[in-house]
Every structure is written in C-alpha cells, then in structure tokens.
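A quick write-up on the structure given underneath.
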Amino acid sequence: MKKILIPIAIILVVVFAIYKMTVGFNNSAVVLEEDAKTSWSNVESAYQRRADLIPNLVNTVKGYAAHEKETLEGVIKARSEATKTTIDASKLTAANMAQFQKAQQGLTGALSRLLVTVEKYPDLKANKNFLELQSQLEGTENRINVSRNRFNAVVNTYNKHIKTFPNSVMAGWFSFSEMARFKADEASKNAPKVEF
C-alpha cells in the first residue's frame, strides 16, 4: 500500500505545482495586460485633452486672424481626423498604432502651422485667452509624451513577462501575444527646418 501512495503523492505534488505555476502566470499576465490597456487609455485621454483645447484656440485666433481661414480650417479638419482614429485597447497592433500616430501627426502639423501664423499678429500673441490656451496646449503636449512613455514601460513589462521561458510556452496556451509599443513617426526623427 505504501508503494502505491508514494508515487500518487509525488504525482499530486507535481500536478499541484504545475497548476500553481500556470495560474500564477495567467493571473500575472492578465494584470499586466490590463495595466497596458489602461495605460493606452491614458494616452488617448491626453490626446483627447489636446483635441478639446483646439476649438477654443481656433476661436480665439479667428477673432484676430479672420483672413487666415485656410489655416484655421486645416486645424479643424485635422482635429476631426485625429478624433476619428481610435484603437481598441485589446487590438494594440503595430499597424493600428501607426494609423493612430499618422492621424495625430496630421493634427500636430496643423497646430504648428497655426502657431506660426499667429506670429504675424502681435495683438493676438499678447491676448490673455490665447496665452492661457497656448500654455495649456504646451502642458498637454508634455502630458501626451509622459503618457506615451509610461505606456511603453508597461508594455515592456508585459512583453518581457510573456516572452521569457517558461512563460512563453504558457502564453501560447492562453493566447497572450506581444503588444506593440508606441513609436515616433519617421518624420519626427529629423529636426524641423525653421525659416524666418
């Protein structure tokens, strides 16, 4: 009887250890994946804050620079395109991230053109509302950068968790896959050319 109980006990201990390891991996991966999704939501929230500031900025500029209609319409159109492009947090693929970034780059370019246009209007540059909106926009750009960096850090932790052995084996069993990191647009690698 003892000869049978010892192998059964060993098998039960091994099965229990495998179960605990598997459950531990799965729970950790779920937590890390959800953290990454939440972090992505924070990135989108920062971009939304920027999009929400734009109508006020455009209206303030419109009062001073009414004949800059083309520039103002470009900002409004770019804002519309940027807010249409969102990514479901469960589908953070490199292709989806690139599409999102492209829409945001269009808005960034339109805002840059608007702020260059503003240089022609000294009264506008001294306007309290414009200065406050410009300050908020600069702060929002910083928030966007911080959110993107935090997102990349959380995704890095998640990706390392599911790619290290033996977790990589279990990641396949539970359908956990690598998440894409936020990458800078290729055009942003070159310093902008400034001409006066």
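The values are calculated or read from the model by the stated rules, or taken from the named source; none is laboratory data. Here the structure is a predicted model, which means the values were calculated and not measured. All Cβ positions, even for glycine, are placed from backbone atoms using ideal geometry, and neighbour counts span all protein chains on display.
Being over 19 Å from MET179 (Cβ atoms) and of a type in the set (S, T, N, Q) is a description that applies to THR60.
So that you can scan it fast, the table gives a plain yes or no per residue for (1) at pLDDT below 90; (2) surrounded by fewer than 17 Cβ atoms within 10 Å (Cβ to Cβ); (3) assigned to a helix (DSSP H, G or I); (4) among the polar types (S, T, N, Q):
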{"position": "ILE8", "(1), (2), (3), (4)": "no, yes, yes, no"}
{"position": "ILE11", "(1), (2), (3), (4)": "no, yes, yes, no"}
{"position": "VAL23", "(1), (2), (3), (4)": "no, yes, yes, no"}
{"position": "ALA29", "(1), (2), (3), (4)": "no, no, yes, no"}
{"position": "LEU32", "(1), (2), (3), (4)": "no, no, yes, no"}
{"position": "ALA36", "(1), (2), (3), (4)": "no, no, yes, no"}
{"position": "TYR47", "(1), (2), (3), (4)": "no, no, yes, no"}
{"position": "PRO55", "(1), (2), (3), (4)": "yes, yes, yes, no"}
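Of all the listed residues (GLY106, GLY172), the sole one being in a helix (DSSP H, G or I), surrounded by 13 or more Cβ atoms within 10 Å (Cβ to Cβ) and either small (Gly, Ala, Ser) or touching an Asp or Glu at 6+ places or on another chain (Cβ under 7 Å) (or both) is GLY106. Checking each residue of the range 61-71 against the condition of being small (Gly, Ala, Ser), assigned to a helix (DSSP H, G or I) and in contact with a helix residue (DSSP H, G or I) (Cβ under 9 Å, 6 or more places away or on another chain) gives at least one match. Within the range 76-97, being surrounded by fewer than 15 Cβ atoms within 10 Å (Cβ to Cβ) and either in contact (Cβ under 8 Å) with a residue 40 or more places away in the chain or of a type in the set (Gly, Ala, Ser) (or both) holds for SER80, THR86, SER90, THR93, ALA94, ALA95.
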